[in-house]
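Participant: Before we start, here is the structure in question, set down as structure tokens.
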Amino acid sequence: MTAELQWGSRGTPTPYPITEEAREALQEQQIEAPEHLVLHLRSATGRERKKFQAALGKCKSEDDLRELLADLLLTRMDEGTDRRIVREVLEDADQTALNQLQYAYVNGVIPEGKALERAVQATAARLTPRTLDALAATSRPSSPPSTAFVPGNGTT
């Protein structure tokens, strides 16, 4: 089960759900989970973006990415949030949720999956005709092809 993410706004406390699976795993570790995690989203500074890009480049696996995200998200959560809870919650995140959380860290909002998908489809719908027109224009010869040399017709 993945968490359903909602749009957040810069600085507005945004609850992030803790899945039942994460709660059970935390309970086994004798860690009490809060009702939800709270993200305080804001846009990343230039320095934060550079560190993020450098760290992202060093990620060799999905686990590395989850570790990186746990560290990053802690900087956007209530003070005193237990990293082990964040890390356990990230175990239940699918690739889409991981991408959304990266976006949230950098841009200060969590894009809701369906809204993001609609935006991508709308953009593609607008770009596709333009792209096809541009391709057609560049593939059209500016003058008729030369028939000076056609293999097999005897001219050279």
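Participant: Can you tell me the mean projection area, over all orientations, of the convex hull of region 12-125's alpha carbons? Units nm², please.
Facilitator: 8.0
Participant: Check M77: other-chain or 5+ apart residues with amide H under 5 Å from its amide H, H built from backbone geometry?
Facilitator: Placed amide hydrogens put H40 under 5 Å from M77.
Participant: Which value in nm describes the separation of the simple spin-label points at E67 and T12, placed 7 Å from the Cα toward the beta carbon?
Facilitator: 3.5
Participant: Moving to a separate point now. Can you list residues whose amide H is under 5 Å from Y16's amide H, if they're 5+ apart or on another chain and H is modeled 1.01 Å from N?
Facilitator: Here L37, V38, L39 satisfy the definition.
Participant: Provide the per residue accessible area, probe 1.4 Å, for region 12-125, rounded to a whole number of square angstrom.
Facilitator: Numbers: 6440 Å² over 114 residues.
Accessible area per residue: 57 Å².
Participant: Further, regarding this structure: Take each of the peptides 42-49, 15-22, 57-64, average the number of other beta-carbon atoms within 10 Å over its residues, and list them starting from the highest.
Facilitator: Going from most to least packed, we get 15-22, 42-49, 57-64.
Participant: Mind giving me the FRET efficiency for T81 and R126? R0 is 41 Å, r the Cβ-Cβ distance, nearest 0.05 is fine.
Facilitator: Numbers: r = 41 Å, r/R0 = 0.99.
That pair, T81 with R126, gives E of 0.50.
The values are calculated or read from the model by the stated rules, or taken from the named source; none is laboratory data. A quick note: this is a predicted structure, and the numbers were derived from the prediction, not measured. Methodologically, a virtual Cβ is constructed for each residue, glycine included, from the backbone with ideal geometry; neighbour enumeration extends over all protein chains shown. Calculation scope for accessible area: heavy atoms of the full protein, side chains included, ligands and nucleic acids excluded. Shrake-Rupley method; radii C 1.70, N 1.55, O 1.52, S 1.80 Å.
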